[in-house]
Amino acid sequence: MRRNLHITLLSVGHGCVDVYQGAVAALVPFFVAERAYSYAAASGVVLAASMLSSVAQPLFGALTDRRAVPWLLPVSTLLAGLGIALSGVSDSYAVTLAVVAVSGIGVAAYHPESARVARAAGGPGHSAMGWFSLGGNLGFALAPLAVAAVVAAGGLRLTPLLLLPAVVGAALCLPVLRGLERRLSGTDGSSATGRRDDTASFVRLSLAVVCRSVAFIGLGTFISLYAAERMDGSRAAGTAALFLLYLGGAVGSVLGGALADRWDRVRVSRWSYLLTAGAIAGVVFVPGPALYPFVALTSVGLYVPFSLQVTLGQDYLPSRVGTASGITLGLTVSVGGLAGPVIGALADRTSLQTALTPLVLMPVLAWLLFRTLPEPALPSPSGTTVSKGEDADAEHAPAPPGLR
């Protein structure tokens with residue numbers, strides 16, 4: 001019961017942080033409307049949020065490998081919220097970039113340690129991490145609605161109201177940290193169990209996450225503008241498309257954990273990426289309102305592997321769990337933001353449809369990379385190491401006499 005409560009609180013707190021990742025893209029149409037930003041300038045705001053985060057997140061991950069720093073959870077949550085809250089206060093482009101970058105640092109500090117805490121709270125299996133990721137995905141999904149509710153009512157000057165989720169998230173993580181205090185303080189942040197690091201597989205996994213990131217951030221940055229363009233300039237149509245792109249992640253994360261408990265993580269991720277390629281093609285080329293089902297399918301497909309990639313990274317690098325989390329949750333995800341200005345510049349010169357077309361290839365590349373990955377062996381309760389297949393064989397083996 002306490003385990004479920006801890007995961008629930010961590011999941012909601014995760015959502016309160018990831019609201020601010022989703023809020024950056026949700027603010028883009030308002031920056032374009034109120035400040036006449038070009039596509040390239042607007043994508044630069046998204047890049048500012050992701051750039052420092054991409055560099056800082058592995059550094060925070062390495063810190064958690066050296067020592068447990070659970071206090072980072074409430075502090076980083078408040079920092080993430082403060083940056084977005086200040087983003088609409090000044091008309092200066094430089095100031096806007098700076099405060100959005102501060103929010104990115106807060107996000108960077110939060111994820112490696114929260115992933116370690118979530119795995120400690122959830123125990124074995126993949127479902128707990130899936131539920132933890134669900135909270136973040138819901139935060140992403142609610143970001144366009146929160147931004148629209150606040151900014152559409154009174155303009156960018158009301159962004160300070162967006163600090164509220166950070167205050168709630170910081171408060172929710174405190175009872176979890178108290179409840180897990182002994183378990184967390186008894187570790188140095190590393191979860192090494194005598195297993196050897198598989199660095200080559202981790203590198204290939206990281207490249208696959210980069211491909212996913214390019215597709216997701218590219219769509220997240222421009223899907224509102226693209227949907228509005230396809231629906232005769234309707235801002236509501238754009239907000240709905242971005243909401244669907246984030247909401248489908250709630251389904252994908254839980255579905256990914258459930259499927260991985262039945263099959264292995266690599267197989268589930270591989271098939272998900274292959275199906276996602278077709279869904280993105282539908283988003284780009286299917287005309288009119290018919291693009292919405294493809295947006296939803298794209299979201300589910302991109303999020304099924306999300307939490308699985310985090311635990312895969314941790315299991316490929318069992319001696320550096322924090323670093324693995326920082327890279328899979330931070331560096332490789334944020335690197336996708338580097339493609340934003342390229343997409344924006346191409347859209348300025350051609351069209352949004354032309355600029356978004358290359359995104360169809362990203363899940364195909366991720367699929368190819370996952371075809372080269374093994375499912376890492378996991379420690380059994382007895383301390384020995386078993387593969388997914390061996391674990392399944394043991395599960396279905398005949399019971400000894402007296403236990404049948």
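Among the residues that make up the range 328-338, is at least one of them over 15 Å from the mean Cα position of the chain (by Cα), farther than 27 Å from Thr64 by Cα and of a type outside the set (Gly, Ala, Ser)? Among the residues of the range 328-338, not one is over 15 Å from the mean Cα position of the chain (by Cα), farther than 27 Å from Thr64 by Cα and of a type outside the set (Gly, Ala, Ser), which makes the answer no.
Only one residue in Arg157, Arg116 is among the charged types (D, E, K, R), out of contact with any helix residue (DSSP H, G or I) (no Cβ under 8 Å at 6 or more places or on another chain) and part of a helix (DSSP H, G or I), so which one is that? Reasoning before the result, please.
Details: Arg116 fails: out of contact with any helix residue (DSSP H, G or I) (no Cβ under 8 Å at 6 or more places or on another chain).
After applying the criteria, what remains is Arg157.
Being at pLDDT 80 or above, buried (at least 24 other Cβ atoms within 10 Å of the Cβ), of a type in the set (Ser, Thr, Tyr) and under 20 Å from Pro376 (Cβ atoms) is a property that Tyr316 has.
The number of residues in the range 247-264 being touching a Pro at 6+ places or on another chain (Cβ under 7 Å) and closer than 25 Å to Pro287 by Cβ comes to 0.
Residues considered: Thr64, Thr77. Of these, the only one that is among the polar types (S, T, N, Q) and farther than 20 Å from Pro160 by Cβ is Thr64. Number of residues in the range 288-328 that are not hydroxyl-bearing (Ser, Thr, Tyr) and not in a helix (DSSP H, G or I): the value is 5. Scanning the range 231-270 for residues that are among the aromatic types (Phe, Trp, Tyr) and within 19 Å of the chain's Cα centre (by Cα) turns up Phe243, Tyr246. Mind checking whether some residue in the range 36-56 is surrounded by 22 or more Cβ atoms within 10 Å (Cβ to Cβ), of a type in the set (Ser, Thr, Tyr), at pLDDT 85 or above and assigned to a helix (DSSP H, G or I)? No - not one qualifying residue is present in the range 36-56. Taken as a whole, the condition of being assigned to a helix (DSSP H, G or I) and closer than 22 Å to Thr354 by Cβ does not apply to Ala250.
In this structure, Gly220 qualifies as within 18 Å of Leu138 (Cα to Cα) and not acidic (Asp, Glu). Among the residues of the range 210-264, those that are at pLDDT 85 or above, buried (at least 24 other Cβ atoms within 10 Å of the Cβ), touching a Gly at 6+ places or on another chain (Cβ under 8 Å) and within 16 Å of Phe306 (Cβ to Cβ) comprise Arg212, Ser213, Val214, Ala215, Phe216, Leu245. Residue count for the range 57-91, restricted to those that are farther than 12 Å from Tyr110 by Cα, of a type in the set (S, T, N, Q) and crowded, with 24+ Cβ neighbours inside 10 Å: 1.
The values are calculated or read from the model by the stated rules, or taken from the named source; none is laboratory data. Since the structure is predicted, the reported quantities are computational estimates derived from the model, not experimental observations. Positions of Cβ are backbone-derived with ideal geometry, glycine not excepted, and every protein chain shown enters the neighbour counts.
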